[in-house]
Amino acid sequence: MLEMIYQALFAPFMDFGFMRRALVGCIALSLSATPVGVFLMLRRMSLTGDAIAHAILPGAALGYMVAGLSLGAMTLGGLIAGWVVALLSGGLARITVLKEDANLAVFYLLSLALGVLLVSTQSRNIDLLHLLFGSVLALDNEALVLLAGITTVTLLLLAVFLRPLVLECLDPDFLRRHSNIGTTTHLVFLALVVLNLVAGFQALGTLMAVGIMILPATAARFWARQLDQLLLVALGIALLGCWLGLLMSWHLDLPTGPAIILMLGSLHIFSLFVGRDGLLKRWLHSGKHLKS
């Protein structure tokens, strides 16, 4: 019995180096992207992450056109494209009549169209699409160092801007009236979103990187009500989902990126029904009220 449990849950990581590297990369990404996702959810900006994830595509494609499958070139290209879209959207919202979501939709659509156009012109686009849509099992030491660096930068900046971030989630008008740090906090936060989506595309692809950012945060909302609890529960869900997703991919011979996202989605659905603020509790309370 113990041998079966070991073979099912631990043996792939103990026996194969690429599985260990994939797990380490997912852990780094969970530590970095999940807290950002929590603040995205609290600020009602969950779809912003999805839009920016698509906006990374042309930068990564340009990096590929210039240097091939170069980790540095594609990362730099993705960062530049994502930051341009995020900063333009946030900046123009403060000087034009359009809100940030409308500006983001405009630039995201243009960026996505440009990215698809660039990808379609490449005769070697199969390799590029493989990277853009997920290659967590192909993470090497260079990619792990990049993910570790992004995690470190993200956690440090979140620690520095924690108070204004929390205040902006609760009462952004109060922050704007009593401090000049509101705009800086918002732009830094958007930069962190881009940074973590670029980190995510190294492992899960641009079109699914936002999943590890948003799904653990939304699932945790059904279990926790305070910010510190929300962050810890979201991190736990992200780590569990990545671990189970890697195992599902290994045992069932499935694409790894989609397997991880589907596992995180399954944990979200589980939380939706049986969480502290889930549907099952609401139904039970409704039944008691009807009986009384």
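The values are calculated or read from the model by the stated rules, or taken from the named source; none is laboratory data. Since this is a predicted model, take the numbers as computed values, not measurements. Glycine gets a Cβ as well: all are built from the backbone with ideal geometry, and neighbour counts include every protein chain shown. Surface accessibility is based on the protein's heavy atoms, side chains included, excluding ligands, DNA and RNA. Shrake-Rupley method; radii C 1.70, N 1.55, O 1.52, S 1.80 Å.
When a 1.4 Å probe is rolled over the protein heavy atoms, the share of accessible surface on the chain that falls to carbon and sulfur comes to 70 percent. The Cα atoms of segment 162-292 give a gyration tensor whose axes a ≥ b ≥ c have a/c of 1.5 or more with a/b no greater than b/c, which makes the shape oblate.
Placing a label point 7 Å from the Cα of GLN229 along the Cα-to-Cβ direction, the residues of segment 268-288 whose backbone N falls under 14 Å of that point are 275-278.
Of the trypsin sites (Lys or Arg not before Pro) found in segment 1-86, the ones in coil according to DSSP and having at most 14 other Cβ atoms within 10 Å of their Cβ are ARG44.
Once you mark the chymotrypsin sites (Phe, Trp or Tyr not before Pro) that are in a DSSP loop and have at most 14 other Cβ atoms within 10 Å, what is the longest gap between them in the chain? Longest run free of exposed loop sites: 17-292.
Annotation for segment 166-248: trypsin sites (Lys or Arg not before Pro) lying in DSSP loop with at most 15 further Cβ atoms inside 10 Å of their Cβ are ARG225. Here the calculated FRET efficiency for LEU252 and GLU3, from their Cβ-Cβ distance with R0 = 25 Å, stands at 0.75, rounded to the nearest 0.05.
Taking the chain as a whole, the Cys residues whose C-beta sits 4.7 Å or farther from every other Cys C-beta are CYS169. Rolling a 1.4 Å probe across the protein heavy atoms gives segment 141-252 an accessible surface of 44 Å² per residue. Coupling constants for segment 257-272 follow from the phi torsions by the Karplus curve (6.51 cos²θ - 1.76 cosθ + 1.60, θ = phi - 60°), and in residue order they are x, x, 5, 5, 5, 5, 5, 4, x, 5, 5, 5, 5, 4, 5, 4 Hz; glycine and proline get x. Straightening the chain between ILE95 and LEU156 buys 18.9 nm, computed as 0.36 nm per residue apart minus the Cα-Cα spacing. Anisotropy class assigned to segment 183-245 is oblate, per the alpha carbon gyration tensor with a/c at or over the 1.5 cut-off and a/b no larger than b/c.
Counting only protein heavy atoms and a 1.4 Å probe, segment 1-92 has 42 square angstrom of accessible area per residue.
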